[in-house]
Amino acid sequence: MDRVDRCVVLVDAGYLLGAAASLLAGEPARSRITVDHTALIQGLRDRAETDTERPLLRIYWFDGAPDRVPQPEHRRLRVMPRVTVRLGALTRSDGRWAQKGVDAAMHAELTELARNRACSDVVLVTGDGDLLPGLMSAKEHGVAVHLWAVQAADGDYNQSEDLVAEADERRVLDRAWITRAVRAKELTGVCAPPPATRPEITAILSAPLPESALAASQERAAEAARNGSHADRSPADGSASAAAPATSAASKGVPTPKDLAGLRGPGQPPAAASATGATLRWSSDKGWVERPGGGALGEPPESASLPTLAQLTSAEQRWADREEDITTVGGDPFEVGQVFARRWMERLPDAPEPGQPGQLGHVQTLSAMYPRIPHRIDGELLRYAARFGLLAHKDDQIDEHDRYAIRAGFWREVDVRAAAEHAPAGE
């Protein structure tokens, strides 16, 4: 069988995007960059066909994913023409994410393509020296191997020297080429600044607890010590644990909301009474809001009346949302917040049940809560954001900067809708 004169591109996504992040953002974290995958794939195709002078057969995109479950970016990529996605595992090692099986999959694909005489030229976008045996095997089968590097941030190599030495052709994807499809995320701008420190929270947490609450808190602390782990009992994003003095936490444990509610009982210590009323507070981000009712543990009535997006979404709309997420939504944190808010507001009922607020009423209720997103909706928003790979390369949580950007996008969309509702007719 004669060899077909066409080219194939094999991309190690971890190398390509990690090196691009180092070049543009100063660190290899992929969370620091935004990628236009459509432009990136087109750029790879155009460059490969120009450099090899052969038509493209296919681009193979090799990446890692937790449990090999495709992330939104993988689902977008695999429906693009001439793109095949191959996933390895993404596992935790020494507190960091690491790809497993990606280099082995690239080696197997490269060897198989060469053995089956499927192409005349192979472009490798990788820096991993483990691919050296596969590269040498492809050459022995008569395939020309083109090795592409991403411009190194420090001007040095970011590839295996042995891999560079064995390649038939070598090219560098420079900053100008990379920035056609990749950009660094801004550290300031759309991201809302962290809320100011609230001294009343420190006062509440440092005040003496009632005897019953103190005993319960000490019992929990002792149990956590016996289990060899510290149970963080503050809200998921809350500043309670950060605000509490280390000595206080060590002596009595971090108070729970139930403990704090006891501070308003009879015989309340003066220190607690002076802590701005020592009102029980809760949080959906790093700021705190009062819970009405003098420490009641239930959800505030005004936020409890707001439906969640899941309650407003039909089965047909879920399918449409998934299609939009895959093909249209880019995954930028600010954009994700806007998309979520837009869907929530568009699906509010125009003609509510008797005695229930309509679309405008719900939007006005939510807008009055700024800057705190109600807890149920905020949790749903962050779970939605997690679908876009914002968890895939972090320590099992969304980056703090991304959380603020997600919520900033949410509020921007709410503000636009609220302004439109209040605009005089004809404007």
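The values are calculated or read from the model by the stated rules, or taken from the named source; none is laboratory data. Predicted, not measured: the structure shown is a model, and the values here were computed from it. Positions of Cβ are generated from backbone atoms using ideal geometry, with glycine treated the same way; all protein chains shown enter the neighbour counts.
Observations
- Taken over region 75-92, the residue count meeting the criterion of being among the charged types (D, E, K, R) and part of a strand (DSSP E or B) is 2.
- In region 371-386, of all residues being surrounded by 21 or more Cβ atoms within 10 Å (Cβ to Cβ) and outside any helix (DSSP H, G or I), the one that is farthest from the chain's Cα centre (by Cα) corresponds to 374.
- Evaluation of residue 157 against the conditions (1) in a loop (DSSP other than H, G, I, E, B); (2) among the hydroxyl-bearing types (Ser, Thr, Tyr); (3) modelled with pLDDT under 75 shows that the sole unmet condition is (3).
- Scanning region 100-111 for residues that are at pLDDT below 90 and either under 19 Å from residue 387 (Cα atoms) or surrounded by fewer than 14 Cβ atoms within 10 Å (Cβ to Cβ) (or both) returns a single hit, 100.
- Region 313-343: number of residues that are within 25 Å of residue 415 (Cα to Cα), of a type in the set (Ser, Thr, Tyr) and in contact (Cβ under 8 Å) with a residue 12 or more places away in the chain: 1
- Pairs linking a residue in region 98-110 that is farther than 11 Å from residue 12 by Cβ and in contact (Cβ under 8 Å) with a residue 60 or more places away in the chain to a residue that is of a type in the set (Ser, Thr, Tyr) and surrounded by 17 or more Cβ atoms within 10 Å (Cβ to Cβ), with Cβ atoms under 6 Å and 6 or more positions apart or on different chains, are 109/60.
- Those strands (runs of 3 or more DSSP E) lying entirely in region 1-74 with at least 2 residues of a type outside the set (Gly, Ala, Ser) and surrounded by 22 or more Cβ atoms within 10 Å (Cβ to Cβ): 7-12, 56-65
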